[in-house]
Amino acid sequence: MTATAVLPGGSPGPADDPELRWRTTAVQGRRAQYGIGGTGLPVVFLHGWGLGHRAYRSALRELMVCGCRVYAPSLPGFGGTADLPRGQRTIEGYATWVDAFLDTVGLIEPALVVGHSFGGGVATRLAFDRPQRVRYLVLVNSVGGGFRWTSSGRGVRQQSGVPAWASGFGLVRELMSGPDGYRVVEAMSADALGNLIRNPVALAEIGLLARFADLTAELAELGRRELPVLVLTSGDDGVIPLASFDALCAAIGTERTVLDGGHSWLLARPSAFAEVLENIVQIHADEDEAVGLTTTAEQLRRLLRHTTVPARSVKALVRGAAPLWLMSEPPAALAGDLALCHPPLAGGEVRAVARPSADAAVHRLTVVAADRPGLLADTAAAVAAEGLSVRSASAATWDDLALHAMTIRARGSVDWDALGERLRREVNGSERAAVRPRFRPTGPARVQLTGVAPGRSIVKVTAPDGLGLLESVARWLSDHGVSIEAARITTRAGTAVDTFLVRGAIDAGELANALSPARRRARSCPLGWWLHTR
C-alpha cells in the first residue's frame with residue numbers, strides 16, 4: 001500500500017478514550033472526586049441529594065454518546081468528596097465550590113449545566129452567581145420552587161409546612177414501583193449506602209437545605225437575563241410535587257415540560273434522558289461548528305502549503321468539502337487525507353496509505369478512489385473481512401472522487417499488502433470477498449433523520465458497536481438508492497454514532513429495524529422534533 005503525497009511530521013494519534021473515568025483532585029484545599037469523559041460540547045452534571053457522580057454513570061455515558069465532554073463532580077459531603085466547612089453549607093456555598101472545581105479541572109468556556117434534584121438548586125445558583133460559566137441551564141426534577149400543595153388541595157403553602165416524612169415516603173414508594181424502581185435502586189447503590197455510612201450528619205443537613213430551598217428570585221433574574229433554561233419534571237415525582245415545579249416555571253417564565261416516571265427517572269431510563277437533551281446539544285454544537293468551519297478551512301490551506309498539492313487544487317478541495325467532513329477530524333488529520341488526492345487518479349487506480357499512531361495497535365487508513373454507489377460499504381467490508389475494528393471514520397466526495405479515512409484497531413499483526421489487495425478488488429468491483437463477516441446486532445439501533453435541503457438529509461445512527469456495523473449501514477443506504485456525500489463515524493463507550501450527509505429518501509424506522517436484533521423493534525427518536533416545536 002503506497003501513497004503519492006503524504007504530509008511530513010507523522011500522523012495523528014488515536015481518538016480520546018470515550019470511557020467515563022473516575023479521578024481525584026483537590027478543590028479549595030480539600031479532596032474531591034469526579035467523573036470525566038467524552039469529547040465535544042462541555043456539560044457539567046450536578047447530582048441529587050444522597051448520591052454522587054457514580055450513580056448517574058449510565059446517563060452520563062449517554063451524554064457522551066450525544067457528543068459531550070462530561071464533567072461530573074461528587075458534591076461536597078457525597079461520593080468521597082470532603083464536606084464543606086459548616087458555615088459554607090448553603091446553596092451559595094455549593095455553587096462557589098462548583099466554580100472552584102471548574103477552575104481546578106481547567107474548564108474555562110461556558111458549559112451546558114445540568115442539575116438533578118438538589119443539584120438543580122446548585123446549578124441555578126451557579127448560573128446566578130457566575131453567569132460566565134453557563135451557556136444553557138437544564139433543571140431536572142429540581143429543588144428551589146419553595147412551594148407544594150396542601151394535602152387538602154386548597155392551594156399552595158411553603159414547603160416547610162409539610163412533614164419531612166412525606167417526601168421520604170414518596171421516594172420509598174418510587175423505589176418499590178416495578179422495573180423502574182429496581183433500576184433506580186441498582187443505580188443508587190453505588191453511592192447512597194456509602195454516603196450514609198461515611199457522613200450521615202451532613203446527609204441530613206443537606207437534605208434540610210434542599211427541602212427549604214427557595215430560588216424563585218434567582219430564577220426570575222435568570223429569566224430577565226434571557227439565559228436559555230429547560231425545566232423538566234415527571235408526572236409521578238413523589239419527592240418534589242408538581243406545584244413546586246410550576247413555581248420554577250412561573251419564576252423563569254417558561255412553559256412546563258412533564259415526562260413520564262418518578263423523581264429519579266433519568267437513573268431508570270438514561271436513554272430517555274439523552275433523547276431529551278440531544279437536540280439542545282446539537283443546537284449548540286451547530287453554533288460552535290459555524291465558527292469552527294472557517295477556522296478549519298484556513299488551517300487546511302495552511303497545512304497543505306507544505307505538500308505537493310497545487311494551490312488551485314487545495315482551494316477546490318476545501319471549498320467543495322461538506323461541513324460534516326470538515327468537522328469530523330482534527331485539521332492535521334484531514335490535511336494528510338487530502339494530500340492523497342493529488343495527482344489525479346489514473347483509470348481504475350485505488351490509492352491507500354496506513355499511518356501508525358502512538359498506539360502500535362491503532363492505524364489511520366486512508367483510501368482515495370473514483371466514487372460510485374456502494375463504495376463506502378465495499379471499503380468497510382474489506383476492513384471488516386480482515387477482522388479490523390473501526391474506531392472512527394470520515395468520508396467525503398467531490399464530483400467523481402471519494403476519500404475514506406478510518407482509524408482502526410487490530411488485535412494482532414496486520415498484513416497490509418493483503419488488505420491493500422482486498423481493497424483494490426472491493427473498490428474496483430472486480431472481485432467481492434467470498435465470505436463477509438455478518439454484523440450481529442447486540443442491541444436496538446436508533447435512527448434520526450434531519451432534512452437539510454430538498455432531497456438531502458443528515459442521518460444519525462446510534463447503535464451498539466460491532467464488527468461490520470459501518471458496512472451494514474452503508475450497504476443498506478446503497479441498496480435503497482441513497483448516495484453518501486459525507487460521513488463522520490465515532491465510537492464512544494462501546495456505542496457507535498454514525499452520521500451521514502445523504503441524498504435520497506430514507507425510512508428511518510426501516511433502517512433502525514435492519515440494524516437491531518430481530519426480536520427488538522427499534523424506533524427513531526421523536527423527541528428531537530418535539531423539542532423543536534415547543
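The values are calculated or read from the model by the stated rules, or taken from the named source; none is laboratory data. Predicted, not measured: the structure shown is a model, and the values here were computed from it. A quick note on method: Cβ atoms are made from the backbone with ideal geometry, for glycine too, and the neighbour counts reach across all protein chains shown.
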Quiz item: Restricting the search to segment 345-361, which residues are surrounded by fewer than 18 Cβ atoms within 10 Å (Cβ to Cβ) and within 18 Å of residue 410 (Cα to Cα)?
Solution: 356, 357, 358, 359, 360, 361
Exercise. Output the residues belonging to segment 384-407 that are within 20 Å of residue 341 (Cβ to Cβ), in contact with a strand residue (DSSP E or B) (Cβ under 9 Å, 6 or more places away or on another chain) and either outside any strand (DSSP E or B) or not assigned by TED's automatic domain parsing to the domain that holds residue 351 (or both).
Key: 400
Quiz item: Can you find a residue in segment 147-162 that is at pLDDT 80 or above and out of contact with any strand residue (DSSP E or B) (no Cβ under 9 Å at 6 or more places or on another chain)?
Solution: no
Practice problem: Please find, within segment 78-106, the residue that is surrounded by the fewest Cβ atoms within 10 Å (Cβ to Cβ) out of those that are in a loop (DSSP other than H, G, I, E, B) and β-branched (Val, Ile, Thr). | Solution: 90
Quiz prompt | Failed item, numbered, when residue 240 is tested on (1) part of a helix (DSSP H, G or I); (2) hydrophobic (A, V, I, L, M, F, W, C); (3) buried (at least 22 other Cβ atoms within 10 Å of the Cβ) | solution = (1)
Quiz item: Taking segment 493-514 on its own, how many of its residues are surrounded by fewer than 18 Cβ atoms within 10 Å (Cβ to Cβ) and either over 25 Å from residue 61 (Cα atoms) or not assigned by TED's automatic domain parsing to the domain that holds residue 372 (or both)?
Solution: 5
Exercise. Evaluate the following for residue 109: is it farther than 23 Å from residue 30 by Cβ, in contact (Cβ under 8 Å) with a residue 60 or more places away in the chain, assigned to a loop (DSSP other than H, G, I, E, B) and out of contact with any Gly (no Cβ under 8 Å at 6 or more places or on another chain)?
Key: yes
Quiz item: Any idea which of (1) surrounded by 13 or more Cβ atoms within 10 Å (Cβ to Cβ); (2) under 30 Å from residue 413 (Cα atoms); (3) out of contact with any strand residue (DSSP E or B) (no Cβ under 7 Å at 6 or more places or on another chain) is the one residue 337 doesn't satisfy?
Solution: (3)
Self-check item: Residue list for segment 446-472, restricted to those being within 9 Å of residue 496 (Cβ to Cβ) and not polar (S, T, N, Q)
Solution: 461, 463, 464, 465, 466, 469, 470
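Yes/no per residue for (1) within 20 Å of residue 490 (Cα to Cα); (2) among the acidic types (Asp, Glu):
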residue	(1), (2)
317	no, no
361	yes, no
371	no, yes
381	yes, no
388	yes, no
Self-check item: Any chance residue 70 is modelled with pLDDT of 90 or more and surrounded by 24 or more Cβ atoms within 10 Å (Cβ to Cβ)
Solution: yes
Quiz item: Among the residues of segment 408-418 satisfying the criterion of being assigned to a loop (DSSP other than H, G, I, E, B) and within 19 Å of residue 465 (Cα to Cα), which is modelled with the highest pLDDT?
Solution: 410
Quiz prompt | Unique residue being touching a residue at least 24 places away in the same chain (Cβ under 8 Å), surrounded by fewer than 22 Cβ atoms within 10 Å (Cβ to Cβ) and touching a strand residue (DSSP E or B) at 6+ places or on another chain (Cβ under 6 Å) when the list is 332, 297, 322 | solution = 322
Quiz prompt | Pairs where the first residue, in segment 458-477, is modelled with pLDDT of 95 or more and the second is not hydrophobic (A, V, I, L, M, F, W, C), C-beta under 6 Å, 6+ apart | solution = 473/498
Exercise. Would you check which residues across segment 454-511 are touching a strand residue (DSSP E or B) at 6+ places or on another chain (Cβ under 8 Å), of a type outside the set (Gly, Ala, Ser) and assigned to a loop (DSSP other than H, G, I, E, B) and list them?
Key: 465, 467, 482, 506
Practice problem: Hey, could you check segment 28-85 for residues that are among the aromatic types (Phe, Trp, Tyr) and over 24 Å from the mean Cα position of the chain (by Cα) and say which is nearest to residue 100 (Cα to Cα)? | Solution: 78
Quiz prompt | Sole residue being crowded, with 24+ Cβ neighbours inside 10 Å, free of Cβ contacts under 8 Å to residues at least 60 places away in the same chain and either in contact with a Pro (Cβ under 8 Å, 6 or more places away or on another chain) or not hydroxyl-bearing (Ser, Thr, Tyr) (or both), chosen from 386, 426 | solution = 426
Self-check item: Count of residues meeting criterion [more than 20 Å from residue 265 (Cβ to Cβ) and not in a strand (DSSP E or B)] in segment 56-77
Solution: 5
Quiz item: Taking residue 128 and the conditions (1) out of contact with any Gly (no Cβ under 8 Å at 6 or more places or on another chain); (2) not in a helix (DSSP H, G or I), which numbered condition does it fall short on, given that it satisfies the others?
Solution: (2)
Practice problem: Filter segment 28-55 for residues that are crowded, with 20+ Cβ neighbours inside 10 Å and in a loop (DSSP other than H, G, I, E, B) and give the result. | Solution: 38, 47, 48, 49, 50, 51, 52
